[in-house]
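Have a look at the structure below, then the notes.
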Amino acid sequence: MTKLDRREFILGGAATLAAGASASAALPASKLARRHQGYGAAATLWDLQSDPRLGEAISTYCTQVVPVLELKWPMLRPDAHTFAFERADAILDFAQQNDLTMRGHTLAWYHDIPDWTKRIKDSKGVERAYVDHISTVASYYKDKLTSWDVVNEPIPDNPRDVKDRRDTFWTQHLGDRWIPLAFRTAAAADPYVKLAINEYDIESAKDSFIAKRAAYRNLIMELLDQGVPLHAVGLQSHLHAELEIDTHGLAEFVTEIRSWGLEVFVTELDVDDQKLTGSPLERDAIVAKRVDDLLTAIASSGPVRSVLTWGISDRYSWINGYVKRPDKQPNRPLPLDGEFKPKPFMDVISKFTKDV
Ligand code: 9MR
């Protein structure tokens, strides 16, 4: 198959997913009325193509979308010489046809590094591959995305102290400069896109989370001191339903981040309810309360301008693939249930975001 044929083939599928939603100018008023400004969801192209209800739900409630897999190294880079943009492009087409903006996730991560990259033995070669990847991908999507998660998950779980950083393949070859280098390379390729750092397990009131938040804060300060082009701080917010949100500590953190001129994004919100007992209704209420506490803490120092959930319907959530509840019931981590019906979680999203 030639490159063009391949693109047409993939977009053929995407056209079907967009069939229910025509070009943005023609979006029905009823649909626009349910959109929440700044609310977005993650999706894979596979799920969008296989279930039209998913694209329909995203275009009904959201103003933005982010690909779960399609902008990660393994999907974009089958080998050292190829950039396979077709699948991410198909999601971008879906976004444009439905008047949604798109975020990029992610350019530099300790995880999802292809085998061909790991086989490069000399550090100069690793640096060339790293810079080439970030530069080529950010240039290709120049002016098409609103923001990029440039560096994802740089802090280890249970950090020893505030200076602790995750030991990654990139650190082994480039040292700590893998982080500034990623931001500088992305900024040179696309000067207007917002560049974010992104981290998980910093939202709840648990010692290891508080330590992780402190190390995250320290890294952000160091990057700013070095003049690194960093514009936004991502709170992934993969919440654990049994843990309370550290509302006071989180509000303080967000206030400080904003005082440094940075934006705060909620990038991957969902709530794992595996440790909750009770009926689905009772679990949904606790899940909604955690989300409400999270967004209240963030909203205490400014508006919630960008909040994305990692999926939109419980039917398509990574959590159901990774963890099983002891009672074998499906997890209910997202704003819509498995049949795409809104849950109290969606009311909380709507409380903190303006209607379009
Ligand atoms: O949900 C994603 C899952 O389908 C992928 O297999 C995995 C590896 O690419 O990534 C998951 O998404 C993660 C995101 O990229 C970064 N933060 C944690 C997310 C959930 O694990």
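Brief remarks follow.
- Phi angles across region 52-63 convert, under the Karplus curve 6.51 cos²θ - 1.76 cosθ + 1.60 with θ = phi - 60°, into 3J(HN,Hα) values of x, 5, 5, x, 4, 5, 5, 6, 7, 9, 9, 10 Hz, Gly and Pro given as x.
- Sparse-neighbourhood loop sites, chymotrypsin sites (Phe, Trp or Tyr not before Pro) in region 187-235 - DSSP loop, at most 15 other Cβ within 10 angstrom: Y192
- Rounded D (µm²/s) - the chain, Kirkwood Rh over Cα pairs, Stokes-Einstein at 10 °C, 1.306 mPa s: 76
- Dmax and Rg, reported as Rg then Dmax, of region 264-330 (C-alpha, Å): 13.4, 40
- Within the chain, percent of DSSP bridges classed antiparallel, to nearest 5: 10
- DSSP-assigned coil residues among trypsin sites (Lys or Arg not before Pro) in region 95-132, each with at most 12 further Cβ atoms within 10 Å: R119, K121
- Two-site FRET efficiency, K324 against A285, from Cβ-Cβ distance with R₀ of 22 Å, rounded to 0.05: 0.50
- Summing Lys and Arg as +1 and Asp and Glu as -1 over all other residues whose Cβ lies under 12 Å from the Cβ of V348 gives a net charge of 0.
- Unit charges at the beta carbon, dipole of region 73-199: most positive-side option, H105, G175, F94: G175
FYI, it's all coordinate maths here, none of it is from the lab. As the structure is a computational prediction, the values presented were derived from the model and not from experiment. So basically every Cβ, Gly included, is an ideal-geometry build from the backbone, and we count neighbours across all protein chains shown.
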